[in-house]
Amino acid sequence: MELHEALLALGLLIVGAKLLEGIFKRFGLNSIIAYAVTGVILGPVLGLVEPGAEIEIILGIGIFIFFFLIGIEELDIRGFLAAVRGRLFLAASLSVAISLLISLGVTSDFLFDLGLDLEFKHALGLAGILSLSSLGLVAKVLVDEGRLKEPVGVQIFTAVVIAELIALFVVGFAISEQFLAGESDESINAVSALVIIGQILGFAALTWLFSTKVLPWVIVGLHRFLRVPQLSFGVLLGGLFLVVVGAEEVGLHGSLGALLFGAALSVLPYQVRRDIMPGIHSAAEGFFVPLFFASAGLHLSMDFLNLPIATIAALVLIPLAGKFAGAFLSTYIVRLQAPFAISAGLMAKGVAEIALLLLLFQTGGIDEAVFSLLVVVMFGYMLLSPFGISFALNRLERTDEVTSTGKVPPFAGSLALDGITVGDILDRSRSYAEQSTTVKAFTEFWLLPEQHDYVIVDDGKLAGIVSLSMLRYLPRADWDNTPLSRVLRENTPSVGEEELIEDALQQMIDNSLTVLPVKDESSDEFIGSISSSEVLELITMTARGH
């Protein structure tokens, strides 16, 4: 394919995809379906566009950017690690295990020989894809329904986070280069499998350390000494490609490296992410993602109708039954509250499955007929899953109760706090205890329910912060004659009015505080404070659409 032919193909695909996206949205249909239909129309139907080497290079970049966005916007590694305990983790793990085993019975020839002739590594990867749950789709439905802050919303969200990460690990293991390099199933043994798992975990740990400890410091330093437009965007995009290459070098697929890189960067300061995300979103949503999913349409073929009826029925119904059984059995066995709603969330599927199917097809894991059939099945999931989750939620009585811990998923917090600054919630009329106040008077007149830290002033100027945990070491007999200045936490962090709420919240977490003083950025004078409870209330109101 010559250059002008490749440009013609890319132009037709992009223009067609975005125009069709606008039409589909008027009918409430997903944009990914519009992109794929564009590929079908321009490819198999009209024959105007054919896949070529030049297009495949662009599509390869699109794969990595797409998985990077999934990692930075959907995956919550901290939330996963915090949830690796208790019944939710057990239910989500059991759900994936049941679904994976039942799907593997179809994709391999263990239970049913459908004539797919897949090697075990490909069968495992395909079964992992069929066992995935869509965090992005679930989060959107919960926000739209105003349920994200309620206990059932947090439970659904957390269960899907765990299930998606476990299934993605299985798929990443199956598509790793060293796993795929095996010449036969006999070459796959326990030792080689453990080596691959160790490589994935080691690469994930190194990527996490580099992305969270080194890269932010580098970017802040470069911003301080260099005044280059879109510096963060360029550094992180270049870093993404370097991580992809590094993943390929250690035997992992580049898409897994991009996913891990994005997940690690999800903890970056919000100001840095705000600098990079508009550029990456514009490039992704305007160019790479439409092309990527349009390529799925280019490869779609009606040849799947030539598959035996038994094969079509088994590939459609048995994984569906496995997903259903895994979701419902796990929630009922573990005795979770609202099992029907949590199960409906675990049943959800989204665009990541189509991306992984395309990846498996391009690596020769599945043929065009199987790929086409399963992409159509995923479109069905994407259309029906939101209705199923909404139906399950509507069966529950709506409640004003919030989670007992007062916490919401960090991903949800990002949705609610986008673009909001400290000054937007600052209450300048609030009064504060003077440092000359005695501990006894402070405990009698200043304590508030569910507040642990308090800003203390000295004649209107910031003196420090008193934490209730400090007072436990002071004998009660001394409370009457001990001023707060004796128990102050000095040199405390502070924020300015123009700083973003999410950055302030991150400072609270890093310093184990529930309040932060606010200073005037020009004069450095104390002007007030914000608390984590105020931020939590803001998230609640935004998520419920107030």
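The values are calculated or read from the model by the stated rules, or taken from the named source; none is laboratory data. Because the structure is a prediction, the values reported are computed rather than measured. Using ideal geometry, Cβ is built from the backbone for each residue, glycine included, and neighbour counts are taken over all protein chains shown. Heavy atoms of the whole protein, side chains included, go into the accessibility calculation; ligands, DNA and RNA do not. Shrake-Rupley method; radii C 1.70, N 1.55, O 1.52, S 1.80 Å.
Got a sec to turn the phi values of segment 10-17 into Karplus ³J(HN,Hα) couplings, 6.51 cos²θ - 1.76 cosθ + 1.60 with θ = phi - 60°, whole Hz, x for Gly and Pro?
5, x, 4, 5, 5, 4, x, 5
Report the accessible area of Tyr332, computed with a 1.4 Å probe over the heavy atoms of all protein chains in place, in Å² rounded to the nearest 10.
Spelled out: Tyr332, probe radius 1.4 Å, area about 130 Å².
Using each residue's phi in segment 357-373, evaluate 6.51 cos²θ - 1.76 cosθ + 1.60 at θ = phi - 60° and report the 3J(HN,Hα) Karplus result to the nearest Hz, with x for Gly and Pro.
Going residue by residue, I get 4, 5, 5, 5, 5, 5, 8, x, x, 10, 8, 5, 5, 5, 4, 5, 4 Hz, with x marking Gly and Pro.
In nm, to one decimal, how far is the Leu8 label point from the Glu498 one, both placed 7 Å along Cα→Cβ?
For Leu8 paired with Glu498, the spin-label model returns 5.2 nm.
What distance in nm separates the two pseudo spin-label positions at Ala321 and Ala477, each 7 Å out from Cα along the beta-carbon direction?
According to this spin-label approximation, the distance is 7.6 nm.
For Ser436, enumerate residues with amide H under 5 Å from its amide H, sequence gap 5+ or separate chain, H modeled in the peptide plane.
Long-range HN contacts for Ser436: none found.
Per residue of segment 204-211, in order, report the coupling 6.51 cos²θ - 1.76 cosθ + 1.60 (Karplus, θ = phi - 60°) as ³J(HN,Hα) in whole Hz, putting x for Gly and Pro.
4, 5, 5, 4, 5, 5, 5, 6
Run the numbers for Leu101 and Val195: contour at 0.36 nm per residue of separation, minus the present Cα-Cα distance, in nm.
Length difference between fully extended and current span is 31.6 nm.
Amide H neighbours of Leu462 under 5 Å, counting only residues 5+ apart in sequence or on other chains, H built in-plane at 1.01 Å?
Sorted by chain and number, the residues that satisfy this are Phe526.
May I ask you to derive the FRET efficiency for Arg335 and Gln507 from their Cβ-Cβ distance with R0 = 30 Å, giving the value to the nearest 0.05?
0.15
Could you compute the FRET efficiency for Val245 and Asp303, with r as their C-beta to C-beta distance and R0 at 35 Å, rounded to 0.05?
The pair Val245/Asp303 has a calculated efficiency of 0.50.
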